[in-house]
Amino acid sequence: MRQLHSRNLNSKTLIAAATFLCMPVYSNSAKYMDIEVDPADFIMGGYRIHTGYIRLPLRVDIGIIGVEIPSTFHGNEDFSYDLFGVIGRVDYLFDSYENLFVGLECTQMRNRYTHKPTKSSVTRYPFLLATRIGYRFQFFEHLTVTPWVGLGVLLNKGDDFVVDTDKFQTPTYNAFPTIHLGWAF
């Protein structure tokens with residue numbers, strides 16, 4: 001009986017969540033979903049894409065990232081560094097969709113560090129917890145340009161990767177400014 005009650009409770013929670021997500025958004029803007037990309041990741045040969053659901057005053061999104069970070073950014077010529085991650089965000093939108101926002105970001109990553117001379121590598125699975133602030137501009141009714149900056153802490157990052165006398169140091173804290181381009185529906 002207890003198992004049946006638990007299953008019904010989970011079903012009711014799922015139905016309630018699905019109903020909430022399917023409800024129309026009542027605001028002065030007809031937009032309720034968007035898709036965003038980060039051009040910097042595409043320029044580096046990778047990708048980052050997000051899809052967001054807006055129900056004022058919140059925007060919730062999920063995204064993926066996959067990119068090899070150039071040594072000019074991580075500062076170590078002897079190593080290559082690539083990452084893959086799944087990103088979840090919740091933003092508080094001030095007044096409207098096109099405005100200032102603040103938010104929280106959680107990213108589960110798979111980071112691979114490879115020592116170029118020896119081809120030795122190590123893979124780590126850190127978790128990024130970050131705050132972010134930005135501003136969303138909207139043009140031609142659907143196009144969005146969103147500059148923002150995040151301040152994060154990398155949890156469960158592991159020790160620095162050392163091969164012979166070469167060391168790849170992974171910072172615990174980071175700041176990451178960027179601009180996303182998007183399309184709102």
(message) Take the residues in region 72-83 that are closer than 24 Å to residue 37 by Cβ and surrounded by fewer than 15 Cβ atoms within 10 Å (Cβ to Cβ); name whichever of them is farthest from the chain's Cα centre (by Cα).
(response) 72
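Out of the residues in region 146-185 meeting the condition of being assigned to a strand (DSSP E or B) and of a type in the set (Gly, Ala, Ser), tell me which one is surrounded by the fewest Cβ atoms within 10 Å (Cβ to Cβ). Full working, then the answer.
Keep residues of region 146-185 that are assigned to a strand (DSSP E or B), which gives 146-155, 161-163, 166-168, 173-184.
Filter once more, keeping what is of a type in the set (Gly, Ala, Ser): 150, 152, 175, 182, 184.
Details: 150: 20, 152: 19, 175: 10, 182: 19, 184: 21.
Among those residues, the one meeting the criterion is 175.
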(message) I need the full set of residues from region 49-80 which are closer than 20 Å to residue 123 by Cβ and of a type in the set (D, E, K, R), in order please.
(response) 68, 78
(request) Report the residue count in region 88-132 for those that are farther than 15 Å from residue 162 by Cα and either aromatic (Phe, Trp, Tyr) or not in a strand (DSSP E or B) (or both). (result) 11
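Does residue 100 qualify as being modelled with pLDDT of 95 or more and more than 17 Å from residue 50 (Cα to Cα)? Can you show your working first?
Details: modelled with pLDDT of 95 or more: yes; more than 17 Å from residue 50 (Cα to Cα): yes.
Yes.
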(request) Return yes or no: is residue 72 in contact with a Pro (Cβ under 8 Å, 6 or more places away or on another chain), under 22 Å from residue 44 (Cα atoms), at pLDDT below 95 and not charged (D, E, K, R)? (result) no
(request) For region 58-70, state whether one or more residues are within 20 Å of residue 173 (Cα to Cα), of a type outside the set (Asp, Glu) and exposed (fewer than 15 other Cβ atoms within 10 Å of the Cβ). (result) yes
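Can you pull out every residue in region 95-145 that is of a type in the set (Phe, Trp, Tyr) and open to solvent by 30 Å² or more (accessible area, probe 1.4 Å)? It would help to see each step written out before you state the result.
Initial filter on region 95-145 (of a type in the set (Phe, Trp, Tyr)): 97, 101, 113, 125, 127, 135, 137, 139-140.
Result: 125, 127, 135, 137, 139, 140.
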(request) Please tell me if residue 88 is farther than 21 Å from residue 45 by Cα and within 19 Å of the chain's Cα centre (by Cα). (result) yes
(message) What pairs come out if I take residues in region 55-75 that are among the basic types (Lys, Arg) and pair them with residues that are surrounded by fewer than 16 Cβ atoms within 10 Å (Cβ to Cβ) whose C-beta lies under 6 Å away, six or more apart or interchain?
(response) 55/25
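The values are calculated or read from the model by the stated rules, or taken from the named source; none is laboratory data. Note that the coordinates shown come from a computational prediction; the quantities given were computed from them, not determined experimentally. Note that each Cβ is placed from the backbone with ideal geometry, even for glycine, and that neighbours are counted across all protein chains shown. Only protein heavy atoms, including side chains, enter the accessible area calculation; ligands, DNA and RNA are left aside. Shrake-Rupley method; radii C 1.70, N 1.55, O 1.52, S 1.80 Å.
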